[in-house]
Amino acid sequence: MESFIATAQRSAEVAAAVDRHPERFRVLTGERPTGPLHLGHYFGTIRERVRLQQAGVETFLVLADYQVITDRDTTDNVRENVHGAVLDYLAAGIDPERTTIFTHSSIPALNQLLLPFLSLVTEAELHRNPTVKSEYAASGRALSGLLLTYPVHQAADILFCKGNLVPVGKDNLPHVEMTRVIARRFNERYGELFPVPDALVTATPEVPGLDGRKMSKSYGNAISLSMTPEETVAAIRRTRTDQERRITFDLEARPGVSALLTTAALCLDVTPAELADDVGDAGSNALKTVTAAAVNDFLAPMRERRRSLAADGELVRSVLRRGNERANAEAETTLDEVREAMGTVYC
């Protein structure tokens, strides 16, 4: 707890520095394209990325297609998911002229950094990583080498572009700490090359899924950004609530009702308790109607932009082409610097 308090204090100082001098920071952020992006992604990360971009912070956004197979056996639908994510980013306000959008598998030099970085960490340190432990426990199968080295791969993501700022939620802080360890150890062993990145702990709300659990593609409880209004209404109508007429906000006792209240409240920019008072004794059906209208009204401008963008069949490929070219140039420069520092340049 004390460690998190110190991290949060440091994060507040960093946030103030970003506000004063955004040009001094370079952000690396992204996600695995394992399915359609949803409201949890928007409120949890995409909105903050747009804010940083608008503030003038240079941003690299990775669609980590190689990491899709850290905890699964297939890359089914990965092409569709990547293309859909790019459309969602653009519709939400990500500007490819100011944000470099790229895919893991297209940046060989980035992935090659994994080898020297692995020499800087111990097996015990990898096994202690909370994400590795939780993903391993959830997978129900043998720990793969890719999952075990997942935190080091993420360090390569951040350091290939000399990223010095990583927006994260509390649960992802161990990844940033691993990156800080790797950067320091490389610099101590081979000479100063990498910045030691700071975590920007974002005050992002946790958007519950429609069943009260965390909103997740794997749980099938998400409202995707690409859903039609009709699909959104149908998904919300299927939400399991209870027989109590009076609408109240109680995460433990009334997960379905509370999930609907949280979702609608985020879209309406009010508190769940305020919304519960507004719905009052009207019951669950009225709450579902309010929630569906709130979500559809909130997403309507993004959906319209997405439809317009999708009409250009070449747009996504063009964005990825330019992003991959930019990321490749950065990665190759960094890899050349790493080879020089390690004394492995021979001709």
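Report yes if T263 is closer than 24 Å to G212 by Cα and within 22 Å of the chain's Cα centre (by Cα), otherwise no.
So T263 passes the test.
Of all residues in region 296-311 being charged (D, E, K, R) and farther than 16 Å from D95 by Cα, which is least open to solvent (accessible area, probe 1.4 Å)?
R303
Can you spot a residue in region 266-286 that is among the aliphatic types (A, V, I, L, M), open to solvent by less than 50 Å² (accessible area, probe 1.4 Å) and under 28 Å from V82 (Cα atoms)?
yes
Does V82 satisfy being assigned to a helix (DSSP H, G or I), among the β-branched types (V, I, T), surrounded by fewer than 22 Cβ atoms within 10 Å (Cβ to Cβ) and modelled with pLDDT of 95 or more?
Here the answer is yes, as V82 does meet what is asked.
What number goes with the only condition from (1) part of a helix (DSSP H, G or I); (2) touching a strand residue (DSSP E or B) at 6+ places or on another chain (Cβ under 9 Å) that L61 does not pass?
(1)
What helices (runs of 4 or more DSSP H) completely inside region 97-147 contain at least 2 residues that are closer than 21 Å to F160 by Cα?
In region 97-147, the matching helices (runs of 4 or more DSSP H) lie at 108-112, 114-118.
Conditions tested, residue by residue: (1) at pLDDT 95 or above; (2) over 17 Å from the mean Cα position of the chain (by Cα); (3) within 16 Å of N324 (Cβ to Cβ).
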residue	(1), (2), (3)
V68	no, no, no
N77	no, yes, no
I107	yes, yes, yes
E123	no, yes, no
T131	no, no, no
D157	yes, no, yes
G163	yes, no, no
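Would you confirm, using the coordinates I've provided, whether E252 is surrounded by fewer than 16 Cβ atoms within 10 Å (Cβ to Cβ) and assigned to a loop (DSSP other than H, G, I, E, B)?
yes
Anything in region 21-44 that is open to solvent by 50 Å² or more (accessible area, probe 1.4 Å) and within 28 Å of P208 (Cβ to Cβ)? List them, or say none.
P36
Within region 50-62, which residues are open to solvent by 10 Å² or more (accessible area, probe 1.4 Å) and within 15 Å of the chain's Cα centre (by Cα)?
Listed by number, the residues that qualify are V50, R51.
Counting only residues that are open to solvent by 80 Å² or more (accessible area, probe 1.4 Å), under 21 Å from the mean Cα position of the chain (by Cα) and more than 24 Å from A6 (Cα to Cα), how many does region 182-220 have?
Qualifying residue count, region 182-220: 4.
List the number of the failed condition for L90; all other conditions in (1) over 21 Å from D171 (Cα atoms); (2) surrounded by fewer than 18 Cβ atoms within 10 Å (Cβ to Cβ) hold.
The single condition L90 does not satisfy is (2).
Hey, can you tell me all the residues within region 155-174 that are surrounded by fewer than 24 Cβ atoms within 10 Å (Cβ to Cβ) and part of a helix (DSSP H, G or I)?
Once the filter is applied, which keeps residues that are surrounded by fewer than 24 Cβ atoms within 10 Å (Cβ to Cβ) and part of a helix (DSSP H, G or I), region 155-174 yields K170, D171, N172, L173, P174.
Which of the residues that make up region 1-47 are within 10 Å of the chain's Cα centre (by Cα) and of a type in the set (D, E)?
Result: E31, single match.
Check T239, T262, T271 and return the single one that is touching a residue at least 40 places away in the same chain (Cβ under 8 Å), within 15 Å of F43 (Cβ to Cβ) and not aliphatic (A, V, I, L, M).
Going through T239, T262, T271 in turn, just one is touching a residue at least 40 places away in the same chain (Cβ under 8 Å), within 15 Å of F43 (Cβ to Cβ) and not aliphatic (A, V, I, L, M): T262.
The values are calculated or read from the model by the stated rules, or taken from the named source; none is laboratory data. Since the model is a prediction, treat every value here as computed from it, not as a measurement. Here the Cβ is made from the backbone with ideal geometry for all residues, glycine too, and neighbour counts use every protein chain on show. Side chains included, ligands, DNA and RNA excluded: accessible areas come from the protein's heavy atoms. Shrake-Rupley method; radii C 1.70, N 1.55, O 1.52, S 1.80 Å.
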